Amino acid sequence: MRINLAINGTASDLDVEPATLLVDLLRDGLGLTGTHVGCDTSQCGACNVLIDGRSAKACTLLAVQLAGREVTTVEGLASDGALHPMQAAFKEHHGLQCGFCTPGMVIAGIEIARRHGPDVSAETVAHELEGNLCRCTGYLNIVSAIRAGAKAMHAPV
């Protein structure tokens, strides 16, 4: 089946099988391996991407459902060689350890900042991360990174 969608700002005309999951299209079909497959049950958030600017789990969506939509992966967040503010906050606040969950956490952080603004509380971030699992860090630095990223995303340019 042919579908048109934009991936990381680039229009794409793709031939996909109707049962192809978005995560498989991104990783296996397009080589965008920043979107991770973690649990195969939509519990871990490692496969988070932005669909039209909103966070979604790529393991729960068929690629054909996204015809005409904009998909942004972690690879598409940086602009002109500069990290996205949320990516920069994760780097600055050491919001990662092994890094496996990091792309999904960054995407989740962008969604949290979009919905709750620059002054999101630690409690709200912790609650909002319930669908994202990290086995390494204990979340303290991830919460700090998301709060800093939210401030940076809403800072005047």
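For the range 64-84, name all the residues that are assigned to a loop (DSSP other than H, G, I, E, B), over 18 Å from Thr20 (Cβ atoms) and either of a type in the set (Val, Ile, Thr) or in contact with a His (Cβ under 9 Å, 6 or more places away or on another chain) (or both). It would help to see each step written out before you state the result.
We begin by selecting, within the range 64-84, every residue assigned to a loop (DSSP other than H, G, I, E, B); these are 67-69, 73, 77-78, 80-81, 83-84.
Now restrict to residues that are over 18 Å from Thr20 (Cβ atoms): 77-78, 80-81, 83-84.
Of everything in the range 64-84, those that are assigned to a loop (DSSP other than H, G, I, E, B), over 18 Å from Thr20 (Cβ atoms) and either of a type in the set (Val, Ile, Thr) or in contact with a His (Cβ under 9 Å, 6 or more places away or on another chain) (or both) turn out to be Leu77, Ala78.
If you take the residues in the range 38-63 that are outside any loop (DSSP other than H, G, I, E, B) and among the charged types (D, E, K, R), which one is farthest from Ala78 (Cα to Cα)?
Looking only at the range 38-63, we keep the residues that are outside any loop (DSSP other than H, G, I, E, B), and these are 48-51, 54-60, 62-63.
Filter again for among the charged types (D, E, K, R), leaving 54, 57.
On the way: Arg54: 17, Lys57: 20 Å.
Per the criteria, the residue is Lys57.
Counting just the residues of the range 1-29 that are surrounded by fewer than 17 Cβ atoms within 10 Å (Cβ to Cβ) and in a loop (DSSP other than H, G, I, E, B), which one comes out farthest from the chain's Cα centre (by Cα)?
Met1
Restrict the check to the range 59-75 and report whether at least one residue is within 19 Å of His154 (Cα to Cα) and either open to solvent by 40 Å² or more (accessible area, probe 1.4 Å) or among the polar types (S, T, N, Q) (or both).
Scanning the range 59-75 turns up no residue that is within 19 Å of His154 (Cα to Cα) and either open to solvent by 40 Å² or more (accessible area, probe 1.4 Å) or among the polar types (S, T, N, Q) (or both).
State yes or no: is Asp28 in contact with a helix residue (DSSP H, G or I) (Cβ under 7 Å, 6 or more places away or on another chain) and of a type in the set (Asp, Glu)?
So Asp28 fails the test.
Could you tell me which of the residues Gln87, Gln97 is touching a residue at least 12 places away in the same chain (Cβ under 8 Å), of a type outside the set (D, E, K, R), surrounded by fewer than 23 Cβ atoms within 10 Å (Cβ to Cβ) and assigned to a helix (DSSP H, G or I)?
Just one listed residue meets the conditions, Gln87.
The values are calculated or read from the model by the stated rules, or taken from the named source; none is laboratory data. Keep in mind the model is a prediction, meaning the values are calculated, not measured. Positions of Cβ are generated from backbone atoms using ideal geometry, with glycine treated the same way; all protein chains shown enter the neighbour counts. Ligands, DNA and RNA are stripped out before the accessible areas are found, and what is left, the full protein with its side chains, is counted by its heavy atoms. Shrake-Rupley method; radii C 1.70, N 1.55, O 1.52, S 1.80 Å.
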